[in-house]
Amino acid sequence: MTGGSVSDPATMPAAGGPDWDAAKAILNEVRHALRHFVATGESTLIDLRAQPFAPGDLERLLAWLGRGEVEARVEALGPTRVWESAVPGVWLVDHRDGDDQRLTLQIEVAEFPEILRSPAQDIEQAVAILDARLGAAADGGP
Amino acid sequence: MTERVVVDPITRIEGHLRIEAELSGDTIIGAYSSGTMVRGIETILRGRDPRDAWAFTQRICGVCTLVHGIAAVRAVEDALGYEIPANAQLIRNLMIGAQFVHDHVMHFYHLHALDWVDIVSALQADPKQTSALAQSISDYPKSSPGYFADVQRRLKGFVEGGQLGIFANGYWGHPAYRLPAEANLMAVAHYLEALAWQRDAARLLTIFGGKNPHPNFVVGGVTSPIDLDSDSALNAKRLAQVRTIIDGMQTFVDQVYLPDTLAIAGFYKDWAERGEGLGNFLCYGDLPAGAALDPATFLFPRGVILDRDLSRLHDVDLHADDEIQEFIAHSWYDYSAGNDQGLHPYDGETNLSYDARGGVAPPYRQLDVAQGYSWLKSPRWKGRSVEVGPLARVLMLYASGHEQTRGLVDSALARLDLPVEALFSTLGRTAARTLETKVIADALDGWYDALIGNVRAGELATFNDRLWEPATWPREARGAGFMEAPRGALGHWIVIEDGRIANYQAVVPSTWNAGPRDPDGVPGAYEAALQDNTQLVDAQQPLEILRTIHSFDPCIACAVHLSDPHTGESIDIRVT
Amino acid sequence: MAASKTLGERLRERGVSRRGFLKYCAATASLMALPPSMAPAIAAALERARRPSVIWLSFQECTGCTESLTRSFSPTIEDLILDVVSLDYHHTLQAASGEAAERAREEAMRAHWGEYLLVVDGSLPGPRANPGYSTIAGISNLQMLEEALAGAAAVIAIGTCAAFGGLPQARPNPTGAVSVSDIVTDKPVINVPGCPPVPMVITGVLAQYLVFGQLPELDEYRRPRAFYGQAIHDRCYRRPFYDKGLFAETFDDEGARAGWCLYRLGCKGPSTYNACATMRWNGGTSWPVEAGAPCLGCSEASFWDAGGFYRALSVPAEIDGARILAAGAVGAVVGGAAVALTRRRVRAGEQAREPVTVDELEQRQ
Amino acid sequence: MSDPMAFLLWVKGPMFNWALAIFALGTLARLLEIFLLGRRPNYAEPRGGEWGPGLRTVLTRSVADPGTFQRAPFDVLVGWIWHVGFLIALLLFIPHIELIQALIGLGWPGLPNPVVDAATAVTLVALVATLIHRLRHPVKRHLSTAEDYLIWTVTFLPLITGYLAYHRLIGPYPLALGLHILAAEIFLIVLPFTKLTHIFTAFIARWYNGAIFGRKGVQS
């Protein structure tokens, strides 16, 4: 199965850049996106699904990027796992469907990934939802 | 010509099948099965490299997507006396087994179930009771009331959305549907569940063959090498993935497919009395235990059962000219030495002859069944019309004393409170498919463990290059490649001359089952199964015909694949 | 028939949240091989999108294309059937049989005349072939295609048989099989070749139509560029081995185990345009080259007749002794004529020459 | 022939057979012709051996003497460059080796593609330079015949089509590859009947000259 990304120290590459082509191309793109983000504040999404990876390349790339301090899980139409890589500002967003099959795997270069943000329209309805819950509480709710 | 009930297209099958049935009152007294599409793959094969044949024959069918590939490489290997490594045979077994499990489950839920399950009725079900029902027959975890309520809501939204799509115009509400609403809802949920499950099951063929449908094969072994130190070979990670897929298959068979079959069968016990027909069954046997294709080691035994006599298994010889023969008395072909003789596949010839042999110019309402009425031929074993497929195999296993099969059959019959004779029926055929799936799903363990054992022992070979180059071949060679496909006994016969294919013939399960009458007027298995035992509640909604025909799991593109270059009707209008 | 709902409405009814919708759009962008930044545009389009009616005709086919469709992970076949399109006629999947099935086709055609999407898999016997070679409900394939074409918005030819003639058209084309575009002249046709096509390429093209209501950008063979824009070879992870000249010589040698290039085993990757190397098969599990099998070139026209699956691409299709002899004879005649000419010139020179001795020369001086 | 794959199959199949046969038998006829012209018997007492000087001349004539180099450095240098580049592309590109191996059963290791690619690019530039030089040099232009331009073209075409196909600069690929093979086939067909025959005769002729001089005891 398209296994989750585990940061196994045993597979952590030595310092320096990876020496395989597929990863180099991606990392160059990430570097470019980071500079762009610093300069303009615009975020970038890179789709990792349609890359000509050799078997094991993706796992190596994820291991190489490593894990940062933040990890999150979103439950919407199946789970989405989000984690910051060891490189600040470089996030991985792993969208899965209800059967935990990967839909897409993206690198998002941003302050934090879009999927974590509360949708503005939901916030507009938030007060109403809160009121409803308070009403329910008054009726002997939670 | 008498007016007949015509069902064309028979849907939820592979290929193009037409059934015409003559009624006396509400009973079918004559049935005619017709394959209505021809491509000519055997003609196309002539003159080509025998090592390429698997790819061509595999495209005979994308449903049983592996079987013609395996039969073709085996035919070439048989012709050349080409031995393959033990690992290659084990990997092929795993692929064949996975194909069986995948194909049978998909057949049950996606091709056959709607004959027994009323989708619309599922809207009335109570999710709580459905949950209770599901939990009473299995420990499958997806059985909460919430789960079934979700499925129902989705189905409801779909029906109310106004576009019924694939479910439009089904015979919903037909009196022959007898499941309670809750059983219908459970089956609908499992219909969707099985669609998701099969995507994972298909991955086993992808690991070994690169893709599914139409995985890759190679004469002399398999394409994937084994190397635990390589990313780009079968390594520990890949083999672990295979194990996970096998586990997923076994879980679904044990917890969903098997319990569902028995539960649904309980409501349709009257179908244990009709829909058999011939009483003769043939099985080439398959799934060897060792490196060689030795019938003594097969999981499925080889043999023929005649007249329901389980006490005697007759032996089969694929090479003998007087055993397996094909007739064309009612097919749209010509034989050069007369249309009433039978030809062994090595000498098989087939000239497309639609108009001259009674084909009616389209558009037509009825076939001329006095003359040719099908693109299928009529294969016969020693002149006998036989049935092939899961029922034949389960009977063979049962008759030869296979312990697990005996246990499964006996307990299923006991559960349903039916006698052994119930096997000879539409219901028996459908149940046999489920039971053999269980046998094969369990057998996957043995092949997997043997493969792992070999790898541990350092035995890594997956391909034998000794006879790869055509320069090493004899000038002339002929061979028979056989296998048990999900739908039954499959044989490919190849004649090689100067490193090229001189003749190629495939006699496939659905040709045995769906073929037309022979020169003596003896019907094929489909025809016999429908005749004289089936009543139609409503001739406008011939659901009963679908039940019996679908119980065979027709695969018609497989069954029709023949033609010959020496025909006036063949025209080449290739655009180049 | 109630008015069909938009996809946005359907998803909301199913309780899909806004985040879920955002994710759905991200997956859809990825599926259509569009940059992830397109997700908002897709979201806007999906809010308005209604399931298009799809009529799927199967002619001279093996059902492999349908089976491939069922292996799609995103969207899944369940989602496709329930949310993305209204699959109103499809032999392998539809519940109805016989007359009821044909009625479903006719009703869908009537209700969505001019708007439905016509999908075809399989080739069909052409206008000069015997129509009896392939019929459904007693109707020839050609007649059924022409009738369905009249009301179609566009045609998608799924699989190499429908797109280019495929296996039935392989030499000697016994049934006079033709491709869909050989018949269709006045409707847009998208070819989605492959034997079968990569599952997500099929669903990707359908999703594209659902989202944008129009056809994707096509190449000169009417294939969507997004999926068929690059050769397998150019995206193959084994390409570095080709460039270094490292090849597997058999299916189980050191090179095969190390994952070296399969060129010498006949890989047709350099001449094959398809998405296998990037999208891979069955949810990214593997693809033929990864499983050690040389690419057959199955998404290309005439790949069946391309000279053998195990012959390296640069190797001649076949060396025909008789033709070489004939050609050799021509060469010998031309060469012989050249020889004869030269010899005559030499002889003429010899004859015209006036021999002279040293004594004679001295005398002349 | 609207289908590029059909075109490719034609150039790889029937056309290849024709080209190969015309090339093989044409070359055979030409070589026979040359050998059958015969050497007039020389009754003079040999003053030296034939083989040694013959082989020596094969080498010495392959390297321009200082005088020739000073007179026409461009011709020598560029000539060398493109001849070597052409041979690298022809004999050390892996798909070509594959083809030769399939035909005659002999194979050898190739060079990495980027090296062959660079050699091809250099060769192309060198060939274009020779053409420009020929067109601009009054004497050369005067001396040039139609055959010279034909030969330049049939030499240039396989290289440029190969380069374009490799870099996928023209599509579809079966068409690009087909054009490349066709260009090579034209080269093969033209070879025996034009001065391209020098590929086979150059060394024989050099040896012959060297041998005659050697026999006479003169250094050539």
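Volume per residue for the stretch D:179-220 equals 60 cubic angstrom (convex hull of Cα atoms).
Shown for the stretch C:51-228 is the translational diffusion coefficient from the Stokes-Einstein equation, using the Kirkwood radius over Cα pairs, a temperature of 25 °C and a viscosity of 0.890 mPa s: 153 µm²/s.
The radius of gyration of the Cα set in the stretch A:9-116, together with its Dmax, comes out at 13.7, 40 angstrom. Here the stretch D:117-189 has an Rg and Dmax of 13.8, 42 Å, counting Cα atoms alone. In percent, what relative contact order does chain C have, based on Cα pairs under 8 Å that are 6 or more apart in sequence? This gives 14 percent for chain C.
The HN-Hα couplings worked out from phi for the stretch B:366-376 by the Karplus form 6.51 cos²θ - 1.76 cosθ + 1.60 (θ = phi - 60°) are 9, 7, 8, 6, 6, 10, x, 9, 7, 7, 8 Hz, whole numbers, x standing for Gly and Pro. Going by a ≥ b ≥ c, the root eigenvalues of the Cα gyration tensor, does chain C fall in the rounded group (a/c under 1.5), the prolate group (a/b larger than b/c) or the oblate group? Verdict is prolate for chain C.
For the protein assembly as shown, the residue among B:GLN163, B:THR350, C:ALA157 whose Cα projects farthest onto the positive side of the dipole built from Cβ charges is C:ALA157. Evaluated with a Cβ-only charge set (Lys, Arg +1; Asp, Glu -1), chain B carries a dipole of roughly 1240 debye about its Cα centre, given to the nearest 20. Is it possible to state the helix-based mean residue ellipticity at 222 nm for chain D, with each DSSP H run of 4+ residues giving -39500 (n - 2.57), the sum divided by total residues, to the nearest 500 deg cm²/dmol? What is it? Helix-only estimate at 222 nm: -25000 deg cm²/dmol. Along the axis of the charge dipole computed for the stretch C:232-305 (Cβ charges of +1 for Lys and Arg, -1 for Asp and Glu, origin at the Cα centre), the listed residues C:THR272, C:GLY283, C:PHE303 are led at the positive end by C:GLY283. Projecting the Cα atoms of C:GLY15, C:LEU34, C:ALA45 onto the dipole axis of the stretch C:1-49, where Lys and Arg carry +1 and Asp and Glu carry -1 at the beta carbon, places C:GLY15 farthest toward the positive end. Using the alpha-carbon atoms, what tilt in degrees (0 to 90, nearest 10) does helix C:39-48 show relative to the longest principal axis of chain C? The helix C:39-48 is inclined about 50 degrees to chain C. In chain B, helices alone account for a calculated mean residue ellipticity at 222 nm of -11000 deg cm²/dmol, with every DSSP H run of four or more residues adding -39,500 (n - 2.57).
Above 24 angstrom, tally the Cα pairs of chain D and express them as a % of all pairs, no decimals. So the pairs more than 24 Å apart make up 55 percent of the total in chain D.
What does the charge dipole of the protein assembly as shown about its Cα centre add up to, to the nearest 20 debye, if the Cβ of each Lys and Arg holds +1 and the Cβ of each Asp and Glu holds -1? The dipole of the protein assembly as shown has a size of about 4920 debye. Residue-wise HN-Hα couplings along the stretch B:323-329, as the Karplus relation 6.51 cos²θ - 1.76 cosθ + 1.60 with θ = phi - 60° gives them from phi, are 9, 9, 9, 10, 10, 9, 4 Hz; Gly and Pro carry x. Each principal axis of the Cα atoms in the stretch C:1-49 has its own extent, and those three values, largest first, are 37, 20, 15 angstrom. Per residue of chain C, the DSSP helices (runs of n ≥ 4 H) give a summed -39500 (n - 2.57) that works out to -11500 deg cm²/dmol at 222 nm. Using a cutoff of 8 angstrom between alpha carbon atoms and counting only pairs six or more residues apart, the relative contact order for chain D works out to 40 percent. For chain B, pairs of C-alpha atoms spaced more than 40 angstrom apart make up 24 percent of the total. Expressed per residue, the C-alpha convex hull volume of the protein assembly as shown stands at 222 Å³. Computed from Cα atoms, the angle from the helix C:321-352 axis to the main principal axis of chain C rounds to 30 degrees.
For the stretch C:107-160, the list of chymotrypsin sites (Phe, Trp or Tyr not before Pro) that fall in a loop by DSSP and count at most 16 other C-beta atoms within 10 angstrom reads C:TRP113. Amide H contacts of C:ILE136 (H built 1.01 Å from N, in plane; Pro and chain starts excluded): C:ASN141 sit under 5 Å, all sequence-distant by 5 or more or on other chains.
For the stretch C:232-305, the alpha carbon convex hull comes to 88 Å³ per residue, rounded to a whole number.
Computed from Cα atoms, the angle from the helix D:173-190 axis to the main principal axis of chain D rounds to 20 degrees.
Just so you know, all these numbers are worked out from the coordinates, no wet-lab data involved. Predicted model only: the values in this text are computed from it and were never measured. Cβ: placed from backbone, ideal geometry, glycine included. Neighbour counts: every protein chain shown.
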